[in-house]
Structures are given as structure tokens and as C-alpha cells.
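Read the structure below first, then the notes.
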2 protein chains.
Amino acid sequence: MGERPQNVGILAMEVYFPVTCVRQDKLEEFDGASKGKYTIGLGQDSLAFCTDWEDVVSMSLTVVQSLLEKYDISPERIGRLEVGSETVIDKSKSIKTWIMKLFEECGNSDIEGVDSTNACYGGTAAVLNCVDWVESSAWDGRFALVIAADSAVYAEGPARPTGGAGAVAMLIGPDAPLVLERRYTASHMAHTYDFYKPNLASEYPVVDGKLTQTCFLKALDMCYRKFCTKFQKRSGKPFSLKDVDYFVCHSPYNKLVQKSFARLLYNDYLKDTTSYMSELDAAKFQPFANLSLEESYTNRDLEKVSQQAAKSQYEAKVSPATLIPKQVGNMYCASLYAGLGSLVHSTSDRLAGKRVILFSYGSGLASTLFSIHVRESSTVFSLSNIAKVMDIEGKLASRVEVSPKEFQSTMHLMEKRYGAKDFTPESELNTLRPGTFYLTKVDPLYRRFYARTPLASSKVGLKEANANGYLH
Amino acid sequence: MGERPQNVGILAMEVYFPVTCVRQDKLEEFDGASKGKYTIGLGQDSLAFCTDWEDVVSMSLTVVQSLLEKYDISPERIGRLEVGSETVIDKSKSIKTWIMKLFEECGNSDIEGVDSTNACYGGTAAVLNCVDWVESSAWDGRFALVIAADSAVYAEGPARPTGGAGAVAMLIGPDAPLVLERRYTASHMAHTYDFYKPNLASEYPVVDGKLTQTCFLKALDMCYRKFCTKFQKRSGKPFSLKDVDYFVCHSPYNKLVQKSFARLLYNDYLKDTTSYMSELDAAKFQPFANLSLEESYTNRDLEKVSQQAAKSQYEAKVSPATLIPKQVGNMYCASLYAGLGSLVHSTSDRLAGKRVILFSYGSGLASTLFSIHVRESSTVFSLSNIAKVMDIEGKLASRVEVSPKEFQSTMHLMEKRYGAKDFTPESELNTLRPGTFYLTKVDPLYRRFYARTPLASSKVGLKEANANGYLH
């Protein structure tokens, strides 16, 4: 009973990141770090962050409302809304329930889905759940909406430059340009303490930097192997990077994306699927053929050789997906999808017909490697229109660069704000783009109130907005 | 491409609640409350609670391991595992990742799903997600597992007697005895502050008792109306309580379940589908025909008349599902499914062929009304075997009743434990059933370690277990 709808996947995307950002080269200098430590060592350009005018709820409101408006989709046409986030404002009330405010006016409250949580992985859980919903007998013909949103902040120290903030909204349905090849999905889930947030009163995580990098690469190995096995079993053909046009990788920082892609070449070498490599490159892996798995994660020579062998392919297959992650920093759950958005932005004219593989990783740990088959669409959900609507170029150009000092004092302010009640935002960094939701106050019962800047063409400072009576 | 598998639903269940419990009549007396305030006013018999030997992770481990063992299911046969909970031990690492320990030995890490969160609703989100997964093109023939688990604790005061603790595990797959009629699912989601946990350092919620009761009944109204509309649209027949054999309701306390069921009769009266009522009963609703919706939530006379009209049907259709919720208290996410377990326990010999409707509610808010069509199964997943495996009678009989004073001092201890590091459990209430996982220590990095009591036939005290070297 019941055929499944076809080509279910991502129909449309919207990306949001705060205007406020700090440059990594300036942060290096300010922190007294060696030159290039953040820009080359981490591979990051700059870092976006929330002031106390914004939070994970306001970013989610912004990105959803913008997507609905730009595609002229009535809120009635949404049948499922699910959020992936690890930014905890409330331990019980889901972020999704705040977003329901946007659906109240049209009277649509029959919207399944809540929040999915596991570190940076929640967005992927939400995407997979929504795709499955459309394919299930529960589907009623309406769209699903996924929000992946986070504010990533770290205590003062070496991890702080790996922060970031942002949100991505994705519309899910059949006949999509970005089709999830759901039957090839490969996951690796395990119990680890590589990055976690057990100190409930603090926004900062406990991080074991070395362990989390090994966990990340191990998870990638496990997922890639299972993916190749499933692909071969279900399509009858072997799978290697030759079959991959683009690779989008969760990006805690760009250097780990470089290492991850290089690791896939090493995997191909080990399973002897290196037809796409020059004999010269393949030969370079030979000294590492019998390395134990554990050793392989820490061997510097292997890392170097792999990255060299991967270099030209990295430029072609990975680099187009790194724009926002390098410019904005780690957006946790939103990171992978900001990478996908970057890819569509960079290659919309040549993406049709291609296969993209995506690696999602959330510490603790949950990880999945999955495939997207790209189709052109002649509707409003065309690749070129997705790129146009996201306007990543425009959003990056309209940013407000602040000094490391201002960034630091904002982090101090945010420490005070975390879990607090009875305050109104006071950061002087109060310029927001048009159509941005922001926090107006948190009352003595911790209840949060939001308003939106007008949809004008120019940037609007919040103080002017208040003076002009724009708050609602 | 691809037919969906048929009759997807719940194949098997296991239920767990702590042995430690306190009687509500004694709690009334201890609290200086008027006689009957908790037993009749709330409708509760007793309340189970965790000492510092147990937490949401240990309860989840216990219930999953027990289900796998009792049904002799190899961990390799699980392809998805998802947790619904609002008990936050870590703000990033999902409970699901701890449970992966049980799958490590057999090398199965390809298990999709993380945690779903919104107050008491997460378990339902997990069930719906898992059913959709089985129906989707992602399904690889393996089972899904849902865990709904919570420890519900309240600050000293009027809400404390509405606490409880427990976990339910459910095996999901095709050809199930408890089939989810997914196409009739009706949800109501909204932004409310009726019960939430914004004080991150405290385990206790902020509760607006009056508001949350109204939100609950409103959500039930909304879901029931949408459900009836969908049923009529998709089956061509009107829907009323006449079509319901059993009603399982999320149970913050039993009195609200009574009110909820009575509210459904009022709904039927308003939409003129009262053929199952006596003319006399239907006539009693007449004075309230033109009550405004808002008034109807607080009108005492309507409440009285509705409950009177509902009484005999409540005994037949609702009461069998209230056993555990009345004996154990609110188990938040596990509550609804402990109700379903109670129903199977009480009616396994006559449940086949029946329709059960379930109402899931999580503050904030997320709510869904859905239908289960019951089929007999001649496999190990028969109704009688589900009842036998759960052994609810045995579990209730083996409980250890403690005094209100001991309960109070345990709550004080647990306040100290919440979010703490570097401790070993010290509660004297250290008797656990055989095969129960428990916390052995939390190290200075907040990492938690667990062990399991032996699968002997007698109860084992932890101190003896430690002495006998059972910890691992």
C-alpha cells in the first residue's frame, strides 16, 4: 500500500550568520599566538559571533522567516519542522516551539518534529528524519523544514578561535534538486568523551583536543568503509573518490577538513581503489601500507603525504564547500549545511548531475556519511535560485568587523548572560541586517521576547529601530 | 520505486522503574497536606525515584539490555536507536551515545538516531521517527529501538508529589502487534511557557501549574479535532470515542488523565457525535453548549458533568492503562509508553483487533494524538509474550518502600549531585533488581562509569555486589 514519493531531498536553503565578526589574523596577534597559527594552522579566515542581541532562537527565527518569505511559501504548507542544535537555552522547551510563533498567525499548529540533539550532529538527524517522513505513510503532501543552528563559544584558550555562529534552514520534499541517496547512508556511533558539556551552568564545553581529532578521523574511516560496502552491495559497483564530485565535511576548523579528505585517499589506497590517482601519488602511500590503525591517526609523515596527494583534488572537490566555514567558523550543527550552501553558491552552474558526499560528525559521538545526487530543476527550486536566495556574497560583504578586544569583552558579557534572567541586551555591537530577529528582553521568569528589524534595503542599527518604534 | 513494509509498529516492550518508592498517602501526611490531596486530588498511589546509584543513562542501559536479552535479539540486528528524554546530564553528548556501549562488543556501530527533546514529548518523536525510518527507502531490514526515559523531580512544594522515574524500551519494525496508523497522526505545537527548565544549574523546572493544565487540555482539543478531521477525510467515516477501544494518555498525574478523557466526551458533544452516550448523559452537556472555549477550560461544573458522563467508559477504556503511571508517578517521556505497557499488561488476552488512541504531551509545547491498531502475532512478539516479558506485576511487587523522610533526604542528596563531578554514589538505598545498571563513579572530568548487578534470581544489594567483585 503506497508508493514512496521520488527524489526526496533539499528543495531550498537559507543561510544566516551574525554580522559581527573578528579576523583570525588579528586574533592571533591579540592572543600572542605564533603568526599563522589560526589562519594556516587552523585554516580559518574569520569568526562570527552573537552578541546579547542574538541567540540560537533569534537566528532560527531569522533564517526560517527569510526562507518562507523569499520563496513565498505560506506557513500552512509546512507539515514538519525539526531543529538540530546543541546550544541549550532551556533543558526542556525545544527551540522548535519558539519557532511555532511564525506559524501561529495562519493557524497551522499541526507541524510534527522537535529538536534532535547530539553535539554538531543534530542537523543531520533532523534532515534524515524529515526525508524519512516524506517517504513514509505519514506524509500528507506538505513540506518539511529543517533548522540547523548553533552558537559555538569556547573558554579563553587554544579552542576559542574555533568558535563561530550561524543557522541554516532547509526545505525538504520530493522532486528536489539535492536528492538524498538515503539507501547509501552509513553511520558510526560510539560512546566517547572527546567534547561534551557536563558543566550545566557554563556555556563552554569540556574538550580533549587530541582525542576529538582522532575520534573524528576514526569515525570518518568507519563511515567511509561502510558507505563503500553498502554502495557496492546495492549498486553492484565499487566505490572510491573517483565516484565523488564534491565532498562536504563538517568543519570544526578547515585544517581538519583538509586532513579528512586526505584520509579518504589513504582509505582508497588501503582498499586498492586508486585508479584516479597518479601511480606516483599512489606509490607515496606504500610506506604506510602496514601501519596499525591507531598509529595511522597520529603519524605526521602519513598526514603530509596524504595531504600532498590530495592537494589538487582538494581544490576541485572540497574547496568550493569551505567558503562560509572558513569565514564564519564552526557553526556546530549548521556547519555541514553552511558547507553545502557554500558549494551550491560556488558551483550552481555546474553542479547538476553530480554526486556530493557529506560527512557529519558530532562528538560523543554520532557520525554519518551520506550522498546527495544533484538534479537540475526548472522550478523556483533551481540550483541558481538557491544560490541567489542565499546571497552568501552579499551577506559576507555586509559584515561588521570588530577588534579582538571587543570580541573578548563580548565573550565576557555572554558569560554573564548564559542562563540569566531579568535583563535587556546592552551590547554596543547592535547593528543587524534587515529582517533579523533579535532578543528584546528576558523577564524575571526567564521568558524570552524577540522582535525583528524592518525589511528595508539598508542596514539598521537597533537603537534607531527602537527609536522608530520597530520593536514588536 | 519501493513498496513500504506493512504494519510497522511496536514489536516488543520492556519497562523499568527504580525499586525505591514512597507512598502518596504517607507523603500527604508528611507534607501536612489535607488527607486525599495526593491520592484522590492527584489520583496517585506512589512515586518511584532514583537515588544517586541511578540516573537516566543507567535506566536506559537497563531497559535496553533487558529487552535484547529477553527476546534474544543480537545487537547486530538493531539499525536505529533513538532516545526521548528531558533529563539533561550533558548538554551536548546524547544519551544514545552512552547506550552504544551495549553494541560495541558485537562491532555494530552503524546505528542511526540520536536524542529527541521537548519535555515529555521526546519519546513520541522517537517512535514516529523510527516508524518513518522503517517505512523509508533508508530501511535495511533491521529493527529500530526507542528508549523513553526520565527522572522527574520537583523542588519542595506542591509539585513534588507529581515526580517519578522510569524508562521504556520499544522494538520497532514491520508486522508488529501494535501497528501505528501513521496517516491519522494529528499534532498541535505551540510556543508556551507552561513548564520549562531555564535554570540550567538546577534539575528542577519552572512550572505554572494552572497554565500547564489549560495548555494540556487545549492541546488535546486541537489534536482530537484534527485527528477526527483526518480520519473522516482519509477513511470516509466520522470519528468519535465510539471508535476508540482504549485511550492512553500522558499522565503528569492521574487526575489530569481523568479530566482529559472527559474532555473528549465534551468534544464529541460539541461536534454532535454522541451516539454512544445515553440521551441522559448527552443532555447533561447542554448547559455548556455555548461556553466560550477559554471558559470551558476552567468551568468546574462542566468538569464535574463531563467526568460523571465519562465514568463508566473511563473504567473500561482508560483505567487499564493507568497502572504504572499511578504507581510510579510521572516518568515524563516514558509516561505515555508505561501507560501503553500497562494496557498490554492488563488486557493482552482481549486487545487484538482493537484500536488504541494515544495522547502525547510535552510542555513548551509539542503534542500528538495517534492511533494504534492491535493485531495478534503468533511469533515471540505476541501480546501475551510482551505482557509476560514486562512482568509489571513482579516489578511492582519487588519494590522497596521508603519513608517520606528518606525520600526527602535523597532529594537533598540529588540536588548536590546534579551537574557534579568527582564523586561516588553513597545513598544507603542501594538495593537494585538483578540485571540493573548503576552508576559507579563520576570522575574529576565529569565522566560517568556504570556497572550492572548480576542476573541472579534474587535481589542483590550493591554493597554485596561490590564485595563480590561484580563491578565492571
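Odds and ends about this structure:
- Apportionment of accessible area to carbon and sulfur, the protein assembly as shown, percent (1.4 Å): 51
- Under the simplified labelling scheme, the B:A352-B:D208 pair shows an inter-label distance of 5.0 nm, with each label point 7 Å from Cα along Cα→Cβ.
- Cα centroid of region A:110-175 to Cα centroid of region B:355-387, whole Å: 27
- Label point 7 Å beyond Cα along the C-beta direction, distances from B:D349 to other copies (nm, shortest first): 7.7
- Neighbour cut-off at most 11 other Cβ (10 Å), DSSP loop, trypsin sites (Lys or Arg not before Pro), region A:1-99: A:K35
- Estimated dipole of the protein assembly as shown in Debye, rounded to 20 [Cβ of Lys and Arg +1, of Asp and Glu -1, Cα centre]: 780
- Solvent-accessible area buried by pairing B with A, both sides, nearest 100 square angstrom, 1.4 angstrom probe: 6600
- Length gained on full extension, A:E401 to A:I40, computed as 0.36 nm times the residue gap minus the Cα-Cα distance: 128.0 nm.
- Principal-axis tilt of helix B:254-270 within chain B, Cα atoms, nearest 10 degrees: 30
- Karplus 3J(HN,Hα) series, Hz, for region A:94-110 with 6.51 cos²θ - 1.76 cosθ + 1.60 (x for Gly, Pro): 6, 4, 3, 5, 5, 5, 4, 3, 6, 9, 4, 4, 7, x, 8, 10, 8
- 3J(HN,Hα) along region A:370-378: 9, 10, 10, 9, 9, 10, 7, 10, 9 Hz, from the Karplus curve 6.51 cos²θ - 1.76 cosθ + 1.60 with θ = phi - 60°, whole Hz, x for Gly and Pro.
- A label point on B:L280, set 7 Å along the Cα-to-Cβ line, lies at 9.8 nm from each of its counterparts in the other copies, closest listed first.
- In chain A, the longest principal axis of the Cα atoms and the axis of helix A:404-417 are about 70 degrees apart.
- Whole-number accessible area per residue in Å² for region A:15-62, which is evaluated in the context of all protein chains at 1.4 Å: 31
- Taking amide hydrogens as placed 1.01 Å from N in the peptide plane, the amide H of A:A165 sits under 5 Å from those of A:A48, A:A152, each at least 5 positions away in sequence or on another chain.
- Separation of region B:303-325 from region A:240-278 is 61 Å, based on Cα centroids.
- Over 23 Å (Cα to Cα) - which of B:K416/B:K441; B:K326/B:K405; A:K421/B:K96 fall in this group: A:K421/B:K96
- Computed over protein heavy atoms with a 1.4 Å probe, the accessible surface of region B:240-297 works out to 42 Å² per residue.
- Accessible surface ranking for B:C106, A:C130, 1.4 angstrom probe, highest first: B:C106, A:C130.
- Folded to 0 to 90 degrees: helix B:300-313 orientation relative to chain B principal axis, Cα: 80
- Under 5 Å between amide hydrogens, built in the peptide plane, is the criterion, and for B:K441 it picks out B:F449 among residues at least 5 positions away or on other chains.
- Antiparallel %, DSSP beta bridges [both residues in region B:9-467], to 5: 75
- Multiplying the residue separation of A:E376 and A:L293 by 0.36 nm and removing their Cα-Cα distance gives an extension gain of 25.8 nm.
- The GluC sites (Glu not before Pro) found in region B:79-123 that occupy coil by DSSP, while having at most 14 further C-beta atoms within 10 Å, are B:E105.
- Distances in nm from A:D140 to the matching label points in the other copies, shortest first (labels 7 Å along Cα to Cβ): 3.3
- Residues along region A:122-159 losing 20 Å² or more of accessible surface when the other protein chains are present rather than the chain by itself (probe 1.4 Å): A:N129, A:D132, A:E135, A:S136, A:S137, A:A138, A:D140
- Backbone HN-Hα couplings from phi across region B:351-359 [Karplus 6.51/-1.76/1.60, Hz, Gly and Pro as x]: 7, 4, x, 8, 10, 10, 10, 10, 10
- Less than 5 angstrom separates the built amide H of A:D194 from those of A:G364, all sequence-distant by 5 or more or on a different chain.
- Put a dot 7 Å past the Cα of B:E393, heading toward its Cβ, do the same for B:Q232, and the two dots end up 4.4 nm apart.
- Euclidean distance of C-alpha centroids, region B:25-79 and region B:422-449, integer Å: 17
The values are calculated or read from the model by the stated rules, or taken from the named source; none is laboratory data. Remember, it's a predicted structure, so these values are computed and weren't measured experimentally. Cβ coordinates were reconstructed from backbone atoms using ideal geometry, including for glycine residues, and neighbour counts include every protein chain displayed. All accessible areas refer to the heavy atoms of the entire protein, side chains included, with ligands and DNA or RNA removed. Shrake-Rupley method; radii C 1.70, N 1.55, O 1.52, S 1.80 Å.
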